[in-house]
Amino acid sequence: MLVTAKELLVDAMQGGYAVGAFNVENMEMVMAVLAAAEARKAPVIMQTTPGTIKYAGVDYYYANVAAAAARSSVPVVMHLDHGDSFERAMAAYRAGYTSIMIDGSKLPMEENIELTSRVVQACHPGGVSVEGELGKVGGKEDDLIGDDDNPYTNPDEAKLFVERTGVDYLAIGVGTAHGVYKGVPCVNTGLIAVIRDMVHIPLVLHGTSGVPDEQVAIAVRNGICKVNYATDLRIAFTKGVKDFISANPEAFDPKKYCRQGMTEVQKYVEQKIEVCGSAGKA
Ligand code: 13P
């Protein structure tokens, strides 16, 4: 079934685990993520960025994930990742997305509060939960290159932001970056615990592809309840397709080479579900 993320994430917060949030780019990735969640009996979040939505439209992605959810035995959330405007958030809401992120983190604090509050007020009456962001996640996020000046979320600002906006869960800057890391990232796991104790809502880790599993596990123990993976799923899918085509250069049936892409994505997602601690929680 398709559900909103709030109850899943509050359960996760109380149970000391996180729900994996996986970016899907096509029908095959939706199928692979669902297969992984079912195999591990885990609740799961599937999400699309504005860049992905530009490729096919919210209706296409919603239809794919809704079809997956309708045949699944685990709870599935359809989430807008990095919503970049009020209009985009509303387009996803109207399409049936059950969770919306509005990312005003590049705006001055007051403007971020104003934008996030508007989205919360528009989504809550329909029972749709909202993720906001405060602080910076570095690297290349969707089509945008982030700036890398002080990326850390200020805990006092986080408290104020949550109180004034009414967001259901909050993405924080703790030293991660989107895309492929040049070195080994170092998540400020202590800061996560400080923010958790001040805001008392589920926290979200972005830019998790390439973060060592041990760091993710500590981040989850300290209050992260939603863990976002995107880049590594793209890499896994493409690896499967490339491997198949190099072993079978005459192949022309997408069902054949996409199958291997799906196998790679499923393997990756199953392992990350274990890292998040959400196996068996569906
Ligand atoms: P990665 O691409 O680094 O996994 O980041 C995912 C993410 O945070 C999506 O919002």
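Each value in this text was obtained by applying a stated rule to the coordinates, not by laboratory testing. These figures come from a predicted structure and were not determined experimentally. So basically every Cβ, Gly included, is an ideal-geometry build from the backbone, and we count neighbours across all protein chains shown.
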### Fewest-first ranking of 80, 170, using other Cβ atoms within 10 Å as the exposure measure
170, 80
### Query
Does the stretch 99-141 come out rounded, prolate or oblate, given a ≥ b ≥ c as the square roots of the eigenvalues of its C-alpha gyration tensor, rounded meaning a/c under 1.5 and, failing that, prolate meaning a/b above b/c?
oblate
### Task
Report, in cubic angstrom per residue, the convex hull volume of the C-alpha atoms of the stretch 152-200.
73
### Task
Starting from the stretch 206-281, pick out the chymotrypsin sites (Phe, Trp or Tyr not before Pro) whose DSSP state is loop and whose Cβ has at most 15 other Cβ atoms within 10 Å.
252
### Per-selection Rg to Rh, the chain - Cα, Kirkwood hydrodynamic radius
0.95
### Task
Just need the relative contact order of the chain here, percent rounded to a whole number, with Cα pairs under 8 Å and 6+ apart.
23
### Query
Under a point-charge model restricted to the Cβ atoms of Lys and Arg (+1) and Asp and Glu (-1), what is the dipole moment magnitude of the stretch 188-282 relative to its Cα centre, in debye to the nearest 20?
200
#### Entry: Angle in degrees between helix 254-276 and the longest Cα principal axis of the chain, rounded to the nearest 10
40
### Query
What longest range of the chain stays clear of loop-exposed trypsin sites (Lys or Arg not before Pro) (DSSP non-H/G/I/E/B, at most 12 other C-beta within 10 angstrom)?
72-181
### Query
Among the lysines, which have Cα under 16 Å from the Cα of residue 106 when same-chain residues fewer than 8 positions away are ignored?
136, 140
#### Entry: Rg over Rh [alpha-carbon atoms, Kirkwood Rh] for the stretch 241-282
1.21
### Task
Working from Cα positions, state the angle (0 to 90°, nearest 10) between the long axis of helix 27-40 and the longest principal axis of the chain.
80
### Message
Once R0 is set to 22 Å, what does the formula 1/(1 + (r/R0)^6) return for the Cβ-Cβ distance between residue 218 and residue 14, expressed as a FRET efficiency to the nearest 0.05?
### Response
0.70
### Message
Can you sort 99, 246 from fewest to most other Cβ atoms within 10 Å of each residue's own Cβ?
### Response
246, 99
### Query
Of the lysine pairs in the stretch 173-282, how many meet both conditions: Cα atoms under 18 Å apart, and a spacing of 8 or more in sequence or different chains?
11
